[in-house]
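As structure tokens, the structure follows; a few thoughts come after it.
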Amino acid sequence: MRWLRLQMRAGLRAARQMARQPFNTLLAALVVGIAAALPATGYMLLGNLQRLAGNVSAAPEISIFMQPQAGTDTLRETDKRIRALASGARVERITREATLKRFRDNDALAEILDALPDNPFADAFVVHLDDADAARLESLRADLAKLPDVEHVQLDSAWAKRLDVLIALGRQALTMLAGALGLGLVAVTFNTIRLQLLTQRDEIEVSRLLGATDAWIRRPFHWFGALQGLLGGALAGLLALLATRALAAPMAELAGLYSLEFVLRPLTATDWLVLLALCALLGWLGASASVRRHLSRIA
């Protein structure tokens, strides 16, 4: 109970010290907030991108586009040969009429299609596979491309796999950035507390003459660093929220171009708590390191 009272008094003392210097406090918190906002916003964007990737099937699919002049007998024979080559896979035939109807449902394209004399689309087949072995998929794609009257063969899951790799790379880069900026935040707090110690040098010397222990002297500075980090974390969260709102409309428009329903989600309540806790911890670490280094130099 006594320890809790001491902590509360030290925290109030640090808060009063920050209130007496509003400009310096806001400036230091802004530096912390901007630095912490970069990984926080990156974490938010990566989370949304990972959610988008999870909504899109990454199961391997091979799309086979036929030449426009391919007749009914050719299409029937091609269907049989595809099923023989991709034994056990589900083969879906998409007629050129179905493709035309799908694009006509888009008001922006309907007028353009009406102006064309003929149906510009060709018949196609989609092979849904369970085997994700890259070498086998590429071999099957090459075999399908050799079939008569085949215009183009596309392995549709390749982009999803690339997206997964890019997300993993982004996560590693974000971790490195967060670590570097975390060290920067510790350094900022370290320097701020050093200046506070120099400013209060006479007060510290008098406190020691009156019997104050080093633990009692250090406590308000620890709280000062933690509160500064906490305030910076709050600003970082607000900046990440502003970034979410600024990017929501462009992201929704981009997803619409690929016929996807996607809403950019901000940081969750748990993310906010983790962000605030980490910033407060980094502030406390910077303050602790600074006090340990410089308090001993004050006689």
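When you look at Val165, is it modelled with pLDDT under 80 and not small (Gly, Ala, Ser), yes or no? Lay out the reasoning, then the answer.
On the way: modelled with pLDDT under 80: yes; not small (Gly, Ala, Ser): yes.
Taking the combined requirement at face value, the residue satisfies it.
For the structure I just gave you, tell me whether Leu239 is assigned to a helix (DSSP H, G or I) and more than 16 Å from the chain's Cα centre (by Cα). Explain how you work it out, then say what you get.
Numbers: assigned to a helix (DSSP H, G or I): yes; more than 16 Å from the chain's Cα centre (by Cα): no.
No, not satisfied.
So, in segment 245-299, of the ones that are at pLDDT below 85 and β-branched (Val, Ile, Thr), which residue ends up surrounded by the most Cβ atoms within 10 Å (Cβ to Cβ)?
Checking each candidate, the answer is Ile298.
Looking at Gly211, Gly233, which one is surrounded by 15 or more Cβ atoms within 10 Å (Cβ to Cβ) and not basic (Lys, Arg)?
Working: Gly211 fails: surrounded by 15 or more Cβ atoms within 10 Å (Cβ to Cβ).
That would be Gly233, the only listed residue that is surrounded by 15 or more Cβ atoms within 10 Å (Cβ to Cβ) and not basic (Lys, Arg).
If I filter segment 51-74 for residues that are assigned to a helix (DSSP H, G or I), modelled with pLDDT under 85 and in contact with a helix residue (DSSP H, G or I) (Cβ under 6 Å, 6 or more places away or on another chain), do I get at least one hit?
yes
If you go through segment 81-93 one residue at a time, do you hit one that is in a strand (DSSP E or B) and exposed (fewer than 14 other Cβ atoms within 10 Å of the Cβ)? Can you show your working first?
Step one: list which residues in segment 81-93 are in a strand (DSSP E or B), which gives 90-93.
If we keep only those that are exposed (fewer than 14 other Cβ atoms within 10 Å of the Cβ) too, we end up with 90, 92.
The answer is yes; a qualifying residue exists.
Given (1) part of a helix (DSSP H, G or I); (2) touching a residue at least 12 places away in the same chain (Cβ under 8 Å), where does Ala142 come up short, assuming only one miss?
(2)
Out of everything in segment 168-202 that is surrounded by 14 or more Cβ atoms within 10 Å (Cβ to Cβ) and hydroxyl-bearing (Ser, Thr, Tyr), what residue ends up being modelled with the highest pLDDT?
Thr189
The values are calculated or read from the model by the stated rules, or taken from the named source; none is laboratory data. No experiment lies behind these values; they were computed from the predicted model shown. Every residue, glycine among them, receives a Cβ derived from its backbone with ideal geometry; neighbour counts consider all protein chains shown.
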